[in-house]
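S.K.: Let me give you the structure first, and then I'll get to my questions.
The values are calculated or read from the model by the stated rules, or taken from the named source; none is laboratory data. Treat the numbers as computed from the prediction; the structure is a model and nothing was measured. We place every Cβ from the backbone using ideal geometry, glycine too, and count neighbours over all the protein chains shown.
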Amino acid sequence: MYPPSKNQVEAGNGAFTLIELLVVIAIIAILAAILLPALAAAKIKAQSIADMNNKKTLMLGWLMYAGDNKDSLVLNADQSVLVNGIQSWVPPGSHMDWTPNPGNTNLTYLMTNQLGSYCGEQYKIYTSPADTFLSPVQNALNFGAIAHHRARSVAMNAAIGGPASGGGSKPPPSLSGFNPFFVATTAGSLLHPSQSWVFINEHPDSIDDGVLYIDPVHGDQNGTGQFTEVPSSYLGGGCGISFADGHAEVHKWTGSLANHPVTYTRLQNLNVVNDPDLAWLAQHTPSAP
């Protein structure tokens, strides 16, 4: 017999057997199963930190505005209408929806609003890092070419910021069941600033104008009522919220709001029974002095 040639030896030593390949694949699968949840958790943590920084910047501007305007809170009118020539914190042209409406990505509206100069004209503070949602038609039109999301994720508590009467007042006639409904028009009228939420990440399917309503009449009792508009849950089942004393947190939902999917449809008027999330939000909505 002749000894194998040098090339034959090298080829044989350099090849993998099927069993060796299966072992390597199994090891990679095990490592992926271990590492992916940790990477996902780290991503959510980073997004949450960035979201809190955005909320704190917004709150600083919100507080500075009141300080410069004799304690009056920035206007937060229903449907963002003009009131006596005064613009709401969200201009009328910046309604969010899933259509090709260019207001969905117009950053100028946010940099030039009532809080714009107090926040250094930073447009990124109006979105959450976890809100990367664009509808199929918006993706097709390349709406996300610059920002990779719509212009705004944030809404303000309807119970904060006037007007108390006239055009843009709250609640509208369609929400007459919310009465009595208190609207704080000055910072001094907030009895418990650390317990009064101001800005919140609204669910992508729910957000439209700058206002988010929470039923303070029924929700405060036992959580049985309605989410007229719905907060988000894309921060690991939680939502970025800021409060009137300036602090911000990610609140974890434990009821119907946890991990509510995005379907690119309209999400409003969500009826709930004994829901802890509605109760918590109602209990942290300002009430009359």
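S.K.: Is it fair to say residue 92 is modelled with pLDDT under 90, over 17 Å from the mean Cα position of the chain (by Cα) and surrounded by 14 or more Cβ atoms within 10 Å (Cβ to Cβ)?
M.R.: Answer is yes for this residue.
Yes or no, residue by residue, for (1) farther than 30 Å from residue 104 by Cβ; (2) buried (at least 16 other Cβ atoms within 10 Å of the Cβ); (3) in contact with a helix residue (DSSP H, G or I) (Cβ under 6 Å, 6 or more places away or on another chain); (4) modelled with pLDDT of 90 or more:
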residue	(1), (2), (3), (4)
160	no, yes, no, yes
169	no, yes, no, no
172	no, no, yes, no
175	no, yes, no, no
178	no, yes, no, no
183	no, yes, no, yes
190	yes, yes, no, yes
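S.K.: Go through segment 67-108 residue by residue and tally those that are more than 22 Å from residue 167 (Cβ to Cβ) and assigned to a helix (DSSP H, G or I).
M.R.: 5
S.K.: I'd like the residue in segment 222-239 that is in contact (Cβ under 8 Å) with a residue 60 or more places away in the chain and over 22 Å from residue 88 (Cα atoms) and, out of all such residues, is surrounded by the fewest Cβ atoms within 10 Å (Cβ to Cβ).
M.R.: Of everything passing the filter in segment 222-239, 236 is surrounded by the fewest Cβ atoms within 10 Å (Cβ to Cβ).
S.K.: Go through segment 184-206 and count every residue that is charged (D, E, K, R) and closer than 19 Å to residue 54 by Cα.
M.R.: Residues that pass the stated criteria total 1.
S.K.: Only one of these conditions is not met by residue 194: (1) within 17 Å of residue 271 (Cβ to Cβ); (2) of a type outside the set (Lys, Arg); (3) part of a helix (DSSP H, G or I). Which number is it?
M.R.: Status for residue 194: all satisfied but (1).
Residues are listed down the side, and each one gets a yes or a no for (1) buried (at least 18 other Cβ atoms within 10 Å of the Cβ); (2) of a type in the set (S, T, N, Q); (3) free of Cβ contacts under 8 Å to residues at least 12 places away in the same chain:
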| residue | (1), (2), (3) |
| --- | --- |
| 243 | yes, no, no |
| 270 | yes, no, no |
| 274 | no, yes, no |
| 278 | yes, no, no |
| 284 | yes, no, no |
| 288 | no, no, no |
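Residues checked against (1) among the acidic types (Asp, Glu); (2) not in a loop (DSSP other than H, G, I, E, B):
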position	(1), (2)
152	no, no
162	no, no
198	no, yes
209	yes, no
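S.K.: Sticking with this one: Assuming residue 202 fulfils every condition listed in (1) surrounded by fewer than 20 Cβ atoms within 10 Å (Cβ to Cβ); (2) without any contact (Cβ under 8 Å) to a residue 60 or more places away in the chain apart from one, which condition is it?
M.R.: With (1) surrounded by fewer than 20 Cβ atoms within 10 Å (Cβ to Cβ); (2) without any contact (Cβ under 8 Å) to a residue 60 or more places away in the chain applied to residue 202, the lone miss is (1).
S.K.: Considering each residue of segment 109-150, count those that are assigned to a helix (DSSP H, G or I) and either within 17 Å of residue 77 (Cβ to Cβ) or in contact (Cβ under 8 Å) with a residue 24 or more places away in the chain (or both), and give that number.
M.R.: Residues meeting the conditions: 11.
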